[in-house]
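The values are calculated or read from the model by the stated rules, or taken from the named source; none is laboratory data. Keep in mind it's a predicted model, so treat the numbers as computed, not measured. Because the Cβ atoms are built from the backbone with ideal geometry, glycine has one as well, and the counts that use them run over all protein chains shown. Accessible surface is based on the protein model in full, side chains and every heavy atom, while ligands, DNA and RNA are left aside. Shrake-Rupley method; radii C 1.70, N 1.55, O 1.52, S 1.80 Å.
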Amino acid sequence: MAIRRLFVANRGEIAVRVVRAAQALGITAVQAHSDADKDMLAVRLADEAICIGPAQAAKSYLNAEALITAARETGCDAVHPGYGFLSENADFAEAVEQAGMIFVGPSAQTIRRMGDKAAARAAAQEAGVPVVPGSDVIKTAAEALAAAAKIGYPVMIKAAAGGGGRGIRIADNEDELGTLAPQARAEAQAAFGDGALYLERALKQPRHIEVQILGDGQRAVHCYERECSLQRRRQKVWEEAPAACLTTEVREELCRSAVALAESVAYRGAGTLEYLYDEGTGEFFFIEMNTRIQVEHPVTEMVTGIDLVAEMIKVAGGEPCPCARRTSRWTAMPSRCG
């Protein structure tokens, strides 16, 4: 179904992007705002706006019930979650659809599957996409030691439900693993409410590469890659495209693998698949997926000329994957959907 009225359930830069994209498509943009954000730019640009609660995010932008109520009261037929807040919350996506509206993003099932790093690794393996040698979710110290012995040191301890570098530790031997694993578990529990961990082999010369994809639930297309290896405390501080460290052959193989994985999980909307590339061996490995538009999406938009937010809205409204439309803009975008 075509989207007529879009509820923007976020604030700041991404809200402005969604409002402008919706209006360019002839869609009425209804902006949510807290008491503190009533004068923000997105509110001034939107066709309509509605207050969803007090300044505290927990009582406004993270209040799923308030957001859905406001969207229904304003007659919206779709909700765009932006990034952050509830954008990767499967329960919110499900609640939006149960309320009779379109969630502009992947299905709740896909968010649950790809939002859990261990489950995402399993999905990648099923799709034939290489992953860093690692373990399933580990629950005990004995399981961690056994997994590390199989993988080989050094190993990276990671939070299964986490992101943003939280919970990550690197252990060079058994003693360090015994000390660091409980620390990682405690940090993961505090940050995400889930202390589940898994192990991965620590690469010697890693580069952090992410591939931007768009899908319609059946087919997918990639918009090439961004490199985000320059980080501080495992937080990205610089993104560039294309990734200078990749050869043409590796780039094509990497992007094909991203499309294959997106299609295998019936991905709908914009998403980013993150990889580690080992400059020493030339190998690449899938590590996780962000089931939303990313903060860094303008980098891809600048090098491709594609409005990723607009494409998300089109796909959510029932249009096919961009590669199936065969417009001139997408002629040079290789993908598995021909």
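Summary of values
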{"item": "Inter-residue pairs, beta-carbon under 8 Å, first in contact (Cβ under 8 Å) with a residue 24 or more places away in the chain and in the stretch 85-102, second part of a loop (DSSP other than H, G, I, E, B) and open to solvent by 30 Å² or more (accessible area, probe 1.4 Å), 6+ apart", "result": "85/62; 86/62; 87/292; 88/292; 102/1"}
{"item": "Test: residue in the stretch 191-203 that is of a type in the set (Phe, Trp, Tyr), surrounded by 15 or more Cβ atoms within 10 Å (Cβ to Cβ), in a helix (DSSP H, G or I) and more than 15 Å from the chain's Cα centre (by Cα)", "result": "yes"}
{"item": "Some residue of the stretch 142-150 being open to solvent by less than 40 Å² (accessible area, probe 1.4 Å), touching a strand residue (DSSP E or B) at 6+ places or on another chain (Cβ under 6 Å), at positive phi and among the small types (Gly, Ala, Ser)", "result": "no"}
{"item": "Total residues in the stretch 219-240, condition polar (S, T, N, Q) and closer than 20 Å to residue 254 by Cα", "result": "1"}
{"item": "Qualifying helices (runs of 4 or more DSSP H) (wholly inside the stretch 1-93; at least 2 residues being of a type in the set (A, V, I, L, M, F, W, C) and closer than 16 Å to residue 310 by Cα)", "result": "12-24"}
{"item": "Residue match in the stretch 106-114 (condition: assigned to a helix (DSSP H, G or I), under 30 Å from residue 177 (Cβ atoms) and over 18 Å from the mean Cα position of the chain (by Cα))", "result": "no"}
{"item": "Single match in 32, 57, 22, 2 (criterion: open to solvent by less than 40 Å² (accessible area, probe 1.4 Å) and touching a residue at least 40 places away in the same chain (Cβ under 8 Å))", "result": "22"}
{"item": "Scope the stretch 216-248; condition among the β-branched types (Val, Ile, Thr), in a loop (DSSP other than H, G, I, E, B) and open to solvent by 80 Å² or more (accessible area, probe 1.4 Å); matching residues", "result": "237"}
{"item": "Looking only at the stretch 298-317, and only at residues there that are assigned to a loop (DSSP other than H, G, I, E, B) and in contact (Cβ under 8 Å) with a residue 40 or more places away in the chain, the one that is most open to solvent (accessible area, probe 1.4 Å)", "result": "307"}
{"item": "Scan of the stretch 249-289 for residues that are open to solvent by 50 Å² or more (accessible area, probe 1.4 Å), under 19 Å from the mean Cα position of the chain (by Cα) and more than 30 Å from residue 318 (Cβ to Cβ), ordered by number", "result": "none"}
{"item": "Any hit, the stretch 290-297, residues being open to solvent by 10 Å² or more (accessible area, probe 1.4 Å), among the charged types (D, E, K, R) and modelled with pLDDT of 95 or more", "result": "yes"}
{"item": "Residue pairs meeting the criteria (Cβ under 9 Å; at least 6 apart or on separate chains; first at pLDDT below 90, in the stretch 121-148; second outside any helix (DSSP H, G or I) and open to solvent by 60 Å² or more (accessible area, probe 1.4 Å))", "result": "121/136; 132/201; 133/201; 134/201"}
{"item": "Test result for residue 167, in contact with a Gly (Cβ under 9 Å, 6 or more places away or on another chain), within 30 Å of residue 316 (Cβ to Cβ) and surrounded by 15 or more Cβ atoms within 10 Å (Cβ to Cβ)", "result": "no"}
